Structure formats: structure tokens, C-alpha cells
Ligand SMILES: Nc1ncnc2c1ncn2[C@@H]1O[C@H](COP(=O)(O)OP(=O)(O)OP(=O)(O)O)[C@@H](O)[C@H]1O
């Protein structure tokens, strides 16, 4: 079953969305050793990044459907209040600003951001919890999160960038999805070109997939992942 547990890209990119991401050098050093162990154990992270509306969720849903036991999302932390249907530890780990900041200072977060006065982040423990269950941990993550994770040299994540066929088509898809206010949609489209530039810069991702025809894009997505994680048997 596909279940997206509140990844960083689930956040709005509204006009007021000043995202501040901080991972200081002490934090990097602290988590670096643990990450080296993760890599040695062949527990590499899979990062899926792309502009809002590029099709990350659609492709991941197909992958999770085809390989139900192989992949898992880590559960993010947030300091925002739970919504009515949200279950602590399932949709998010709900915490306080003080506790989250202390954990960040202890170097327990791979990436974190401030959005609309609330903190969000991916803890190393949340990633390891997925890996301990025998699954490959997938982070559906925005450009700023990728930049932050890449600062941990020992992590060596496998990164896939999902590129829309054009900004015009991205707009069509976002409008058809009808999930955003006009302001939000504009903010997402404004951010998209910068994200595409980052995605296309050599060295930033291991693979760039243009999501034009969904079937074609999915096959390329799946093939690359199967090759990258050779021990996937299904
Ligand atoms: N190849 C495709 N052709 C046409 N429509 C597509 C294609 N891929 C995805 N879509 C549609 O585009 C919309 C955006 O896709 P999706 O929600 O997967 O994007 P996303 O990158 O996960 O966005 P967000 O980051 O905002 O969650 C959805 O309505 C989806 O059905």
C-alpha cells in the first residue's frame, strides 16, 4: 500500500514559505559515522526530487504498488499541531520546538526546515527504522532537502530527479490536480524553473527522468532503481 508519511515536499511552497534549512558542521560530523555504517550495510537512501506537480507521487505510488514490501517512507517530525485524522508516529512524529531543536543540535536530523513558523525534518532514526524493517527508505524531498543531505558525504544517497516535459505542461497538470490555491500554484510554478536548473546540473542527481509519457517514465524510473539496488528480488 502506498502511504506518504508527510515528507518535506508535502509542505506548501506558498508566498510566505520562507524555508530555512540548517545543518551545521557539528551535526554533519555527528551523523556522518552512522551514515557510513548505513552505506556499508547497503542501506542507501533513495531520494526522489522534482518540482511540485512533476509526478513524484504518481511514480512512487506505482513503484510501491508493484513492490509492496520493498520500499518505505520515513516518518517526518514536525512541531505543528496534528490534524484531526493524523496519528502520531504514523503521519508525523509530533514534537515541540524545544525538543526538536535539541535533537537537531545533537545531530539527529538528516535535514530540516522551518515552514510557516513550524519545524519539519527527517531524523536519522526515522530512516533507520524503515531500513531495519528490511525496506529501502525513500525520501520524497525538495531541492533544499537534497542540498542538505548531500552535505553529509558519507551518506551517498541515490538521487533521481523527475523533470516535467515543460513548465506549461506542469501548469496544466497542477491545475488539473486542483489541489492548490491560485497563489500557491503560482509559487510552485515560480520555484519550478530553479529546481529544474538544479536537477539538470551534472553531479546533482544520478538519474534525470522526463515525465512525459507516464508509462515510459515509470519504466525508466523502475529500471534505474532496480539497477541501483541490485538485491531487489520480486
Ligand atoms: N506523465 C503524466 N502525464 C499526465 N499527467 C501526469 C503524469 N504524471 C503525473 N501526472 C499528474 O500530474 C499531477 C501531479 O502529479 P503528482 O501529484 O504525482 O506530482 P508531485 O511531483 O508528487 O507533486 P507534489 O510535489 O506537489 O506532491 C497529478 O494529478 C498526476 O495525476
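A short reminder: the numbers here are calculations on the coordinates, not readings from a lab. Given the structure is predicted, the values throughout are model-derived calculations rather than measurements. For neighbour counting, all protein chains shown are included, and Cβ atoms are generated from backbone atoms with ideal geometry for every residue, glycine included.
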Please report how far the C-alpha centroid of segment 195-216 lies from that of segment 107-149, rounded to the nearest whole angstrom.
-> 21 Å
A correct fewest-to-most ranking of 93, 77 by other Cβ atoms within 10 Å would be 93, 77
In bins 10 Å wide, starting from 0, what share of all Cα pairs of segment 163-217 does each bin hold, as a percent?
-> 22, 48, 27, 3
Run a plain Debye calculation on segment 61-100 (Cα atoms as equal point scatterers, no solvent) and give log10 I(q)/I(0) at q = 0.17, 0.23, 0.29, 0.34 Å⁻¹, rounded to two decimals, same order as the q list.
-> -0.57, -0.75, -0.91, -1.08
Quick one: of the DSSP bridges fully inside segment 55-165, what percent are antiparallel, nearest 5?
-> 55 percent
With the contact rule set at Cα under 8 Å and sequence spacing of 6 or more, what percent relative contact order holds for segment 92-141?
-> 23 percent
58, 201, 78, 122 arranged by Cβ crowding within 10 Å, fewest neighbours leading | 201, 58, 78, 122
Kindly put 132, 70 in sequence by how many other C-beta atoms sit within 10 Å of each C-beta, fewest to most.
-> 132, 70
